[in-house]
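Student: Pasting in a structure now, in structure tokens, and then I'll have a few things to ask.
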Amino acid sequence: MDITFPFDSLGRAVKGWVSEMGAMSIFFVRAFLMIFRPKQFSKIIKQVYYIGAGSTNIVMLVALFTGMVMGLQLYHTLVKFGSQGVLGSALALSLIRELGPVLTAIMITARAGSSMTTEIGIQRITEQIDALSTMRIHPIRYLVSPRIAAAIISFPLLTAIFDIVGIVGGYVSAVVLLSLNSGTYFSGMRSSVELQDITGGFIKSVVFAIIVSTVCCFQGYFTHMRKDGHGAKGVGISTTAAVVLSCVLILIADYVITSLLL
């Protein structure tokens with residue numbers, strides 16, 4: 001048995017992953033630079049409506065129950081130590097620093113990111129992208145750039161909505177249902193949340209927007225080059241790969257940014 005076989009397979013896997021990350025980085029740079037070309041505004045607004053406004057309901061629903069669950073869990077944990085007065089600050093910091101940007105990005109990936117990959121992938125396998133090139137319309141400028149710009153605009157706005165609704169959900173659990181003093185809930189929040197906490201959450205949301213939009217558009221744009229499936233099957237595989245890879249990169253980026261900001 002060749003003992004180098006496991007290392008050979010690992011090396012090929014790492015090489016392929018690094019190569020794909022590099023290709024996506026170049027893809028993002030090309031698409032980002034084309035955002036500022038003429039006649040992009042209307043397409044960006046259309047994508048903002050789809051990615052941002054279309055995802056508002058699901059983001060608010062998840063935020064509400066996330067805040068309620070956190071309020072419930074934190075109350076029963078902190079009451080054991082007689083520290084229920086810090087519940088508001090603990091909940092707000094958890095939402096603003098971590099849960100808000102991360103869960104918002106994952107929800108948008110599940111709803112809009114998968115749609116981006118599928119839509120662009122179908123356009124690729126039905127040769128609509130080739131038709132754009134034939135008409136001298138740059139496919140990346142037409143299809144990808146507006147989506148990246150819309151994601152960069154939408155993610156921070158939806159993150160802010162998530163934070164606010166999550167805090168309201170925590171209020172419902174802690175104050176309305178568990179009878180914690182409302183003044184205690186909000187006073188701890190005001191004294192502990194600083195501008196750098198809010199800024200850090202928005203920085204994460206912008207980075208997550210770049211990751212999700214780039215990965216999802218890249219997977220759809222190059223779905224015809226997959227070796228593990230072609231046609232409709234290839235689009236399905238690309239969509240699954242886009243969602244999974246986006247979520248993994250969101251968590252990795254969250255750790256890296258948190259370590260830099262703390």
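Readers should treat all values here as calculations from the given coordinates under stated rules, not as data from a laboratory. Everything numeric in this text was worked out from a predicted model, so none of it was measured. With ideal geometry, Cβ positions are generated from the backbone for all residues, glycine too; neighbour counts draw on all protein chains shown.
Student: Tell me, which residue of the range 36-58 that is hydrophobic (A, V, I, L, M, F, W, C) and over 30 Å from Gly170 (Cα atoms) is surrounded by the most Cβ atoms within 10 Å (Cβ to Cβ)?
Tutor: Ranking the candidates gives Ile44 first.
Student: Got a number for residues in the range 59-94 being surrounded by fewer than 14 Cβ atoms within 10 Å (Cβ to Cβ) and among the polar types (S, T, N, Q)?
Tutor: Going through the range 59-94 one residue at a time, the tally reaches 3.
Student: Something else now. Going by the conditions given, is Gly54 over 21 Å from Tyr185 (Cα atoms) and not hydroxyl-bearing (Ser, Thr, Tyr)?
Tutor: Here the answer is yes, as Gly54 does meet what is asked.
Student: Same structure, new question: Is the range 105-119 home to any residue that is surrounded by fewer than 17 Cβ atoms within 10 Å (Cβ to Cβ), farther than 24 Å from Phe65 by Cβ and polar (S, T, N, Q)?
Tutor: no
Student: Quick one: Gly231 ticks every box in (1) without any contact (Cβ under 8 Å) to a residue 24 or more places away in the chain; (2) at positive phi; (3) not aromatic (Phe, Trp, Tyr) bar one, so which box is it?
Tutor: (1)
Student: Then there is this: Between a residue in the range 85-102 that is without any contact (Cβ under 8 Å) to a residue 60 or more places away in the chain and any residue that is assigned to a helix (DSSP H, G or I) and among the acidic types (Asp, Glu), which pairs come within a Cβ distance under 6 Å, given they are 6 or more apart or on different chains?
Tutor: So the pair list comes out empty.
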